[in-house]
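> My questions all concern the structure below.
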Amino acid sequence: MVNAMTDLRDTLEKLAKGECSVEEAETKLRLFNIIEVARMAKLDVSRETRKGIPEVVFAKHKTATDLVEIVKAGLEAKPVILLSQLSEEQEQALKKQLSKDYIIDVKGEGAIAVIHEPKFKPDFKGGKIGIVAAGTSDRRAAEAAQVMAEQMGCQVFTAHDVGVAGVHRLFPELEDMIKQGIDVLIVAAGMEGALPSLVTGLVDIPVIGLPVSTGYGLGGEGLGALISMLQSCSLGLAVVNIDNGIGAGAIAAHIANRIAQK
(Lines give C-alpha, C1' and ligand atoms only; values in the text may rest on other atoms or scores of the structure.)
Protein backbone atom coordinates (compact mmCIF):
# COMPACT_ATOMS: atom_id res chain seq x y z
CA MET A 1 0.00 0.00 0.00
CA VAL A 2 1.46 3.35 -1.12
CA ASN A 3 0.42 6.90 -0.28
CA ALA A 4 1.73 10.41 -0.87
CA MET A 5 4.06 10.48 2.13
CA THR A 6 6.66 12.72 0.47
CA ASP A 7 4.10 15.41 -0.33
CA LEU A 8 2.58 15.00 3.13
CA ARG A 9 5.93 15.53 4.86
CA ASP A 10 6.74 18.52 2.66
CA THR A 11 3.42 20.15 3.57
CA LEU A 12 3.93 19.56 7.30
CA GLU A 13 7.47 20.95 7.15
CA LYS A 14 6.23 24.10 5.39
CA LEU A 15 3.53 24.50 8.04
CA ALA A 16 6.08 24.12 10.85
CA LYS A 17 8.34 26.74 9.24
CA GLY A 18 5.47 29.13 8.76
CA GLU A 19 5.77 28.95 4.97
CA CYS A 20 2.08 28.12 4.56
CA SER A 21 -1.06 28.77 6.58
CA VAL A 22 -3.11 26.19 8.45
CA GLU A 23 -5.86 26.61 5.85
CA GLU A 24 -3.45 25.95 2.96
CA ALA A 25 -2.04 22.88 4.69
CA GLU A 26 -5.53 21.54 5.37
CA THR A 27 -6.47 21.90 1.70
CA LYS A 28 -3.34 20.05 0.55
CA LEU A 29 -3.78 17.24 3.08
CA ARG A 30 -7.30 16.64 1.84
CA LEU A 31 -5.96 16.13 -1.67
CA PHE A 32 -3.12 13.81 -0.64
CA ASN A 33 -5.14 11.21 1.20
CA ILE A 34 -5.42 8.54 -1.48
CA ILE A 35 -4.59 4.90 -0.81
CA GLU A 36 -3.20 2.70 -3.59
CA VAL A 37 -3.95 -1.01 -3.23
CA ALA A 38 -1.47 -3.33 -4.96
CA ARG A 39 -1.48 -1.02 -7.99
CA MET A 40 -5.01 -2.12 -8.86
CA ALA A 41 -7.11 0.46 -7.04
CA LYS A 42 -6.82 3.95 -5.60
CA LEU A 43 -9.18 4.62 -2.73
CA ASP A 44 -10.09 8.26 -2.20
CA VAL A 45 -10.54 7.97 1.55
CA SER A 46 -10.69 11.74 2.01
CA ARG A 47 -13.56 12.22 -0.43
CA GLU A 48 -16.10 12.51 2.37
CA THR A 49 -14.05 15.15 4.17
CA ARG A 50 -13.42 17.04 0.95
CA LYS A 51 -16.92 17.06 -0.53
CA GLY A 52 -19.32 15.30 1.83
CA ILE A 53 -19.81 12.20 -0.33
CA PRO A 54 -18.17 8.92 0.78
CA GLU A 55 -16.06 6.75 -1.50
CA VAL A 56 -18.02 3.82 -2.95
CA VAL A 57 -16.26 0.76 -4.41
CA PHE A 58 -17.93 -0.63 -7.55
CA ALA A 59 -17.74 -4.37 -6.88
CA LYS A 60 -19.03 -5.69 -10.21
CA HIS A 61 -16.36 -7.32 -12.43
CA LYS A 62 -13.85 -7.45 -9.57
CA THR A 63 -12.68 -10.84 -8.32
CA ALA A 64 -13.66 -11.72 -4.77
CA THR A 65 -9.96 -11.82 -3.80
CA ASP A 66 -9.25 -8.35 -5.19
CA LEU A 67 -12.36 -6.92 -3.58
CA VAL A 68 -11.42 -8.27 -0.16
CA GLU A 69 -7.98 -6.64 -0.43
CA ILE A 70 -9.48 -3.32 -1.50
CA VAL A 71 -11.97 -3.38 1.37
CA LYS A 72 -9.29 -4.26 3.92
CA ALA A 73 -7.17 -1.34 2.76
CA GLY A 74 -10.11 1.03 2.96
CA LEU A 75 -10.99 -0.09 6.46
CA GLU A 76 -7.43 0.61 7.62
CA ALA A 77 -8.06 4.28 6.90
CA LYS A 78 -11.77 4.67 7.64
CA PRO A 79 -14.25 2.96 10.00
CA VAL A 80 -16.69 2.33 7.13
CA ILE A 81 -16.62 1.47 3.44
CA LEU A 82 -19.46 1.29 0.90
CA LEU A 83 -19.76 -1.18 -1.98
CA SER A 84 -22.12 -1.31 -4.94
CA GLN A 85 -23.28 -4.14 -7.22
CA LEU A 86 -22.08 -6.88 -4.87
CA SER A 87 -22.37 -10.53 -6.01
CA GLU A 88 -23.23 -13.46 -3.77
CA GLU A 89 -19.71 -14.86 -4.19
CA GLN A 90 -18.15 -11.55 -3.19
CA GLU A 91 -20.48 -11.22 -0.22
CA GLN A 92 -19.54 -14.65 1.10
CA ALA A 93 -15.81 -13.93 0.67
CA LEU A 94 -16.11 -10.66 2.59
CA LYS A 95 -18.06 -12.31 5.39
CA LYS A 96 -15.47 -15.08 5.66
CA GLN A 97 -12.60 -12.60 5.97
CA LEU A 98 -14.17 -9.72 7.89
CA SER A 99 -17.27 -10.75 9.84
CA LYS A 100 -15.32 -11.30 13.07
CA ASP A 101 -14.33 -7.64 13.30
CA TYR A 102 -16.86 -5.75 11.16
CA ILE A 103 -20.58 -5.49 10.56
CA ILE A 104 -21.47 -6.38 6.95
CA ASP A 105 -24.85 -5.00 5.94
CA VAL A 106 -26.03 -5.84 2.41
CA LYS A 107 -29.16 -4.15 1.02
CA GLY A 108 -31.13 -4.12 -2.18
CA GLU A 109 -30.09 -7.62 -3.27
CA GLY A 110 -26.47 -6.50 -3.37
CA ALA A 111 -27.16 -3.08 -4.89
CA ILE A 112 -25.33 -1.55 -1.93
CA ALA A 113 -23.41 -2.85 1.07
CA VAL A 114 -21.96 -1.11 4.11
CA ILE A 115 -19.06 -2.63 6.02
CA HIS A 116 -18.23 -0.85 9.25
CA GLU A 117 -16.78 -1.11 12.72
CA PRO A 118 -19.35 -2.28 15.30
CA LYS A 119 -19.57 1.11 17.04
CA PHE A 120 -19.66 3.24 13.90
CA LYS A 121 -22.68 5.47 13.22
CA PRO A 122 -22.97 8.21 10.58
CA ASP A 123 -23.12 11.77 11.88
CA PHE A 124 -26.57 13.30 11.38
CA LYS A 125 -26.16 16.50 9.36
CA GLY A 126 -29.78 17.63 9.30
CA GLY A 127 -30.89 16.81 5.78
CA LYS A 128 -34.31 15.20 5.27
CA ILE A 129 -35.11 13.11 2.21
CA GLY A 130 -38.20 11.28 1.00
CA ILE A 131 -37.87 8.15 -1.14
CA VAL A 132 -40.84 6.76 -3.04
CA ALA A 133 -40.76 3.46 -4.94
CA ALA A 134 -43.50 2.79 -7.47
CA GLY A 135 -43.55 -1.00 -7.15
CA THR A 136 -42.07 -3.73 -4.96
CA SER A 137 -39.68 -4.60 -7.82
CA ASP A 138 -38.28 -1.07 -7.67
CA ARG A 139 -37.30 -1.46 -4.05
CA ARG A 140 -33.71 -2.60 -4.61
CA ALA A 141 -32.73 0.67 -6.30
CA ALA A 142 -34.66 2.69 -3.72
CA GLU A 143 -32.85 0.89 -0.89
CA ALA A 144 -29.49 1.76 -2.42
CA ALA A 145 -30.52 5.43 -2.46
CA GLN A 146 -31.71 5.20 1.14
CA VAL A 147 -28.49 3.65 2.45
CA MET A 148 -26.34 6.18 0.62
CA ALA A 149 -28.34 9.11 1.95
CA GLU A 150 -28.25 7.74 5.50
CA GLN A 151 -24.49 7.25 5.31
CA MET A 152 -24.25 10.91 4.34
CA GLY A 153 -26.07 11.87 7.53
CA CYS A 154 -29.63 12.36 6.30
CA GLN A 155 -32.91 11.31 7.83
CA VAL A 156 -34.84 9.30 5.25
CA PHE A 157 -38.60 8.69 4.97
CA THR A 158 -39.73 5.91 2.63
CA ALA A 159 -42.86 4.71 0.87
CA HIS A 160 -43.04 1.57 -1.27
CA ASP A 161 -45.54 0.14 -3.77
CA VAL A 162 -47.38 3.41 -4.41
CA GLY A 163 -47.20 3.54 -8.22
CA VAL A 164 -49.61 4.92 -10.79
CA ALA A 165 -51.47 1.60 -11.12
CA GLY A 166 -53.10 2.51 -7.80
CA VAL A 167 -52.14 6.13 -7.39
CA HIS A 168 -54.52 6.67 -4.45
CA ARG A 169 -51.91 4.85 -2.34
CA LEU A 170 -49.42 7.65 -2.95
CA PHE A 171 -51.18 10.66 -1.48
CA PRO A 172 -51.22 9.81 2.26
CA GLU A 173 -47.53 8.83 2.11
CA LEU A 174 -46.59 11.98 0.21
CA GLU A 175 -48.57 14.17 2.59
CA ASP A 176 -46.76 12.68 5.58
CA MET A 177 -43.35 13.29 4.00
CA ILE A 178 -44.20 16.92 3.31
CA LYS A 179 -45.27 17.34 6.94
CA GLN A 180 -41.91 15.92 8.04
CA GLY A 181 -40.19 18.78 6.21
CA ILE A 182 -38.28 16.83 3.55
CA ASP A 183 -35.97 18.86 1.31
CA VAL A 184 -35.70 16.48 -1.66
CA LEU A 185 -37.69 13.56 -3.08
CA ILE A 186 -36.29 10.52 -4.89
CA VAL A 187 -38.89 8.67 -6.96
CA ALA A 188 -37.92 5.20 -8.21
CA ALA A 189 -39.99 3.61 -10.98
CA GLY A 190 -39.67 0.93 -13.63
CA MET A 191 -42.17 -0.02 -16.35
CA GLU A 192 -43.10 3.25 -18.12
CA GLY A 193 -41.57 5.40 -15.35
CA ALA A 194 -44.57 7.70 -14.96
CA LEU A 195 -44.50 8.26 -11.21
CA PRO A 196 -41.70 10.89 -11.01
CA SER A 197 -43.54 13.16 -13.45
CA LEU A 198 -46.73 12.83 -11.46
CA VAL A 199 -45.02 13.56 -8.14
CA THR A 200 -43.09 16.52 -9.56
CA GLY A 201 -46.36 18.11 -10.63
CA LEU A 202 -47.67 17.91 -7.06
CA VAL A 203 -44.81 19.20 -4.87
CA ASP A 204 -42.71 22.34 -4.55
CA ILE A 205 -39.41 20.58 -3.77
CA PRO A 206 -36.75 19.09 -6.09
CA VAL A 207 -37.50 15.59 -7.37
CA ILE A 208 -34.88 13.11 -8.56
CA GLY A 209 -36.19 10.44 -10.92
CA LEU A 210 -34.62 7.01 -10.52
CA PRO A 211 -35.44 4.72 -13.48
CA VAL A 212 -35.38 1.02 -12.60
CA SER A 213 -34.78 -1.97 -14.86
CA THR A 214 -38.17 -3.59 -14.32
CA GLY A 215 -40.73 -4.14 -17.04
CA TYR A 216 -41.71 -6.24 -20.05
CA GLY A 217 -40.13 -6.64 -23.47
CA LEU A 218 -38.97 -3.57 -25.39
CA GLY A 219 -37.67 -0.99 -22.94
CA GLY A 220 -38.21 -3.36 -20.03
CA GLU A 221 -34.62 -3.11 -18.82
CA GLY A 222 -35.20 0.46 -17.67
CA LEU A 223 -34.82 2.20 -21.01
CA GLY A 224 -38.54 2.95 -21.25
CA ALA A 225 -38.58 4.44 -17.76
CA LEU A 226 -35.44 6.48 -18.44
CA ILE A 227 -36.76 7.98 -21.67
CA SER A 228 -40.14 8.76 -20.07
CA MET A 229 -38.47 10.63 -17.21
CA LEU A 230 -36.13 12.51 -19.54
CA GLN A 231 -39.13 13.59 -21.65
CA SER A 232 -41.16 14.73 -18.65
CA CYS A 233 -43.02 18.03 -18.98
CA SER A 234 -43.04 18.47 -15.17
CA LEU A 235 -40.46 21.12 -14.32
CA GLY A 236 -38.34 20.45 -11.25
CA LEU A 237 -37.44 16.86 -12.14
CA ALA A 238 -33.83 15.69 -12.60
CA VAL A 239 -32.96 12.13 -13.64
CA VAL A 240 -30.10 9.73 -12.87
CA ASN A 241 -29.14 6.65 -14.86
CA ILE A 242 -30.94 3.30 -14.76
CA ASP A 243 -30.70 1.58 -11.34
CA ASN A 244 -28.31 4.28 -10.06
CA GLY A 245 -29.77 4.46 -6.57
CA ILE A 246 -26.39 5.35 -5.13
CA GLY A 247 -26.11 8.37 -7.42
CA ALA A 248 -29.64 9.46 -6.59
CA GLY A 249 -29.00 9.14 -2.87
CA ALA A 250 -25.73 11.07 -3.11
CA ILE A 251 -27.09 14.08 -4.94
CA ALA A 252 -30.26 14.17 -2.82
CA ALA A 253 -28.21 14.08 0.40
CA HIS A 254 -25.85 16.72 -0.94
CA ILE A 255 -28.78 19.06 -1.60
CA ALA A 256 -30.57 18.30 1.68
CA ASN A 257 -27.47 18.73 3.82
CA ARG A 258 -26.63 22.04 2.17
CA ILE A 259 -30.15 23.25 2.94
CA ALA A 260 -29.83 22.09 6.54
CA GLN A 261 -26.66 24.19 6.96
CA LYS A 262 -28.50 27.44 6.19
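> Between a first residue in the stretch 1-26 that is farther than 23 Å from residue 77 by Cα and a second residue that is assigned to a loop (DSSP other than H, G, I, E, B) and modelled with pLDDT of 75 or more, which pairs have beta carbons less than 7 Å apart while being 6 or more apart in sequence or on different chains?
Listed by first residue and then by second, the contacts come to 14/20.
> Are there any strands (runs of 3 or more DSSP E) wholly within the stretch 1-86 with 3 or more residues that are over 26 Å from residue 127 (Cβ atoms) and at pLDDT below 85, and if so which? Spell out how you get there, then give the answer.
Details: elements: 35-37, 41-43, 56-58, 80-84.
By residue number, 35-37.
> Sort through 122, 206 and tell me the only one that's of a type outside the set (Val, Ile, Thr), outside the structural domain of residue 248 (by TED's automatic domain parsing) and under 29 Å from residue 54 (Cα atoms). Break it down stepwise before answering.
Values: 206 fails: outside the structural domain of residue 248 (by TED's automatic domain parsing).
After ruling out the rest, the residue left standing is 122.
> Those residues that are part of a helix (DSSP H, G or I), farther than 21 Å from residue 112 by Cα and in contact with a strand residue (DSSP E or B) (Cβ under 7 Å, 6 or more places away or on another chain), I need them from the stretch 227-254; list them, please. Let's see the steps before the verdict.
Taking the stretch 227-254 as the starting set, the residues that turn out to be part of a helix (DSSP H, G or I) are 227-230, 245-254.
Okay, now just the ones that are also farther than 21 Å from residue 112 by Cα, so 227-230.
Across the stretch 227-254, the qualifying residues are 229, 230.
> Which of the residues that make up the stretch 222-251 are of a type in the set (A, V, I, L, M) and in contact with a helix residue (DSSP H, G or I) (Cβ under 6 Å, 6 or more places away or on another chain)?
To start, the set of residues in the stretch 222-251 that are of a type in the set (A, V, I, L, M) comprises 223, 225-227, 229-230, 235, 237-240, 242, 246, 248, 250-251.
Result: 229, 237, 239, 240, 242, 246, 248, 250.
> If I go through the stretch 132-148 residue by residue, how many of them are over 11 Å from residue 195 (Cβ atoms) and within 16 Å of the chain's Cα centre (by Cα)?
Residues of the stretch 132-148 that are over 11 Å from residue 195 (Cβ atoms), as a first pass: 136-137, 139-148.
Cutting the leftovers down to within 16 Å of the chain's Cα centre (by Cα) gives us 139-148.
Total satisfying the criteria: 10.
> Name the single residue, out of those in the stretch 197-244 being modelled with pLDDT of 90 or more and on the phi > 0 side of the Ramachandran plot, that is surrounded by the most Cβ atoms within 10 Å (Cβ to Cβ).
243
The values are calculated or read from the model by the stated rules, or taken from the named source; none is laboratory data. Keep in mind the model is a prediction, meaning the values are calculated, not measured. Heads up, the Cβs are rebuilt from the backbone with ideal geometry, glycines too, and the neighbour counts pull from every protein chain shown.
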